[in-house]
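Student: Below is the structure I would like to discuss, written out as structure tokens.
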Amino acid sequence: MSAPITRMDPKLSLVKDATFDSIIDVRSPSEFLDDHMPNAINLPVLKDAQRALVGTIYKKINPFEAKRTGAALVAQNIAEHLQTKLVGKDRNWRPLIYCWRGGKRSCAMAKIFSDIGWHSTVIAGGYKAYRKTVLDGLDYLPWQFQLIVLSGPTGTAKTHILRAAAGMGAQVLDLERLANHRGSLLGGEPGSPQPAQRLFESRLNTCLQAFDITRPVFIESESNKIGQIHIPSALWASMRQARRISINAPFEARVAFLQRDYRHIIEKSDNLMQLLSSLRRRYSAEVFNKWYEAIIAENWNGFVEVILETHYDPSYARSMASRPLVDILSLQANRLDKNDIMRLAKELVALQN
């Protein structure tokens, strides 16, 4: 006797409460890379090239041949998953399955699972319905929280302070971690690309869903774009109306901190001028040459000093002038070493008590 196949709403709270053993995205690898549900694994029933082949047959030959070709490929792929990724699953395993719209691909896998004896659940409406819940959440959730923006010039260790505060129990929305980017011109993480915009939004929505609305949420002051990722409009608008905590630090401490924090760029500085070339139109040849001379001479202290003075600090001043937030606290950093960062984090955590 076949096991039952059920359908459920794609709301994250319902999925979490149901505690499935696995969440399976049966779409193609490229669809999965663009976005997927939290904690999902990709077991495609049609790979990218196979999906394109079936579509071509459908358009150029006829629907019947496309369905027959597709069915054979789906059966082969599911068989491969059963013999590899799923070979150790016992009879009590309970998966949640979804595809693009909760149709043929997810039901094909669920039907075979049912015949095996696994009780499967299929997302009603598939990824498309899930995506709608993400967009709905990003429209209303940012307004539910008391946001506190941590602000300060480049090199005041804002990200490190927030992450230390999170380790102490504070609610922190770490946009730079979600976007896999430090939010500045030189902020790309080496060897690690940014997620697709939709995947970033899914991760952001998941974080917001997990927060307690009775406690403040700390967030770093950012522009509306982190690398190639755009901050959703409702969150950006909420950030512009949040209360603000400012961090001040001695210039020398900022210079020393940035040399430590961007050690990976200093050690592999060959493409540094290429990264800076996008600013050539904004600054005179004299300013640009100062940067270049410091890089060529490997005068990293001088380079950090001059780029702060000519680019980052003026940009920060303009940004703050355009964001008239309500200041609630000013923190004074000293050395911006590990002990100093922990001290500042404790001051943030004290605000929520």
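Student: Between segment 140-211 and segment 276-323, how many Å separate their Cα centres?
Tutor: Answer, in whole Å: 25.
Student: Okay, next question. Quote the charge dipole size of the chain about the Cα centre in Debye, to the nearest 20; the model charges only the Cβ of Lys and Arg (+1) and of Asp and Glu (-1).
Tutor: Dipole size: approximately 1240 debye.
Student: Restricted to Cα positions, what overall size does segment 5-134 have along the principal axes? Three whole-Å values, descending.
Tutor: The Cα atoms of segment 5-134 stretch 46, 33, 23 Å along the principal axes, largest first.
Student: OK, next. Positive end of the charge dipole of the chain (Lys, Arg +1 and Asp, Glu -1 on Cβ, about the Cα centre): tell me which of Tyr127, Ser223, Pro142 has its Cα farthest that way.
Tutor: Tyr127
Student: Putting +1 on Lys and Arg Cβ atoms and -1 on Asp and Glu Cβ atoms, find which of Val326, Leu272, Ile245 reaches farthest to the positive end of the dipole of segment 145-350.
Tutor: My answer, from the dipole projection, is Val326.
Student: Using alpha carbons only, how many degrees (0 to 90, rounded to 10) separate the axis of helix 285-296 from the longest principal axis of the chain?
Tutor: 80 degrees
Student: Going 7 Å from the Cα of Ala79 along its beta-carbon direction, which residues of segment 91-112 have the amide nitrogen within less than 15 Å of the resulting point?
Tutor: Residues passing the 15 Å test: 112.
Student: Okay, next question. For Lys225, which lysines qualify as cross-link partners when the Cα separation must be under 27 Å and same-chain residues fewer than eight apart are set aside?
Tutor: In chain and number order, the partners are Lys128, Lys132, Lys158, Lys268.
Student: In vacuum, with every alpha carbon of the chain counted as one equal point scatterer, what does the Debye formula give for log10 I(q)/I(0) at q = 0.08, 0.11, 0.12 Å⁻¹? Two decimals, please.
Tutor: The Cα Debye sum returns log10 ratios of -0.54, -0.87, -0.95.
Student: For Ser284 and Glu65, compute 0.36 nm times the residue count separating them, minus their Cα-Cα distance, and round to one decimal in nm.
Tutor: 72.5 nm
Student: Considering only Val26, Ser106, Phe64, whose Cα is most displaced toward the positive end of the charge dipole of segment 5-134, charges sitting on Cβ of Lys, Arg (+1) and Asp, Glu (-1)?
Tutor: Phe64
Student: On to the next question. Tilt of helix 104-116 relative to the longest C-alpha principal axis of the chain, in degrees (0 to 90, nearest 10)?
Tutor: 60 degrees
Student: Using only Cα atoms, tell me the angle between helix 251-261 and the longest principal axis of the chain; keep it within 0 to 90° and round to the nearest 10.
Tutor: 30 degrees
Student: Sticking with this structure for a sec: Stretched out fully, how many nm does the piece from Asp115 to Asn301 gain, at 0.36 nm a residue minus the Cα gap?
Tutor: 60.2 nm
Student: Please work out the FRET efficiency for the pair Leu53 and Asp9, using the Cβ-Cβ distance as r and a Förster radius of 30 Å; give the result to the nearest 0.05.
Tutor: For R0 = 30 Å, the calculated efficiency reads 0.35.
Student: Also: At 222 nm, what value in deg cm²/dmol follows for the chain if DSSP H runs of at least 4 each add -39500 (n - 2.57) and the sum is divided by all its residues, to the nearest 500?
Tutor: It lands at -14500 deg cm²/dmol.
Student: Now for a different question. What are the ³J(HN,Hα) values, in whole Hz, obtained from phi via the Karplus relation 6.51 cos²θ - 1.76 cosθ + 1.60 with θ = phi - 60°, for each residue of segment 72-83 in sequence order, with x given for Gly and Pro?
Tutor: 5, 5, 4, 4, 5, 5, 5, 4, 4, 5, 5, 8
Student: Under 1.5 on a/c is rounded, so check that first for segment 145-350, then, if it is not, pick prolate when a/b is larger than b/c and oblate when it is not; a ≥ b ≥ c are the square roots of the alpha carbon gyration tensor eigenvalues.
Tutor: The shape class here is prolate.
Student: Classify segment 32-86: rounded, prolate or oblate, from the alpha-carbon gyration tensor (a ≥ b ≥ c, eigenvalue square roots; a/c under 1.5 rounded; otherwise prolate if a/b is larger than b/c)?
Tutor: It comes out oblate by the Cα gyration axes.
Student: Would you please name the trypsin sites (Lys or Arg not before Pro) within segment 53-140 that are DSSP coil residues with at most 16 other C-beta atoms within 10 Å of their C-beta?
Tutor: Loop-located and lightly packed - Lys85, Lys89, Arg91, Arg101.
Student: From the Cα gyration tensor of segment 229-270, with a ≥ b ≥ c the square roots of its eigenvalues, which class applies: rounded if a/c is under 1.5, or else prolate if a/b is larger than b/c, or else oblate?
Tutor: Verdict is oblate for segment 229-270.
Rule-based calculations on the coordinates, nothing more; no lab input. Since we're looking at a predicted model, the values are computed, not measured. Note: ideal-geometry Cβ built from the backbone for every residue, glycine included; neighbour counts use all protein chains shown.
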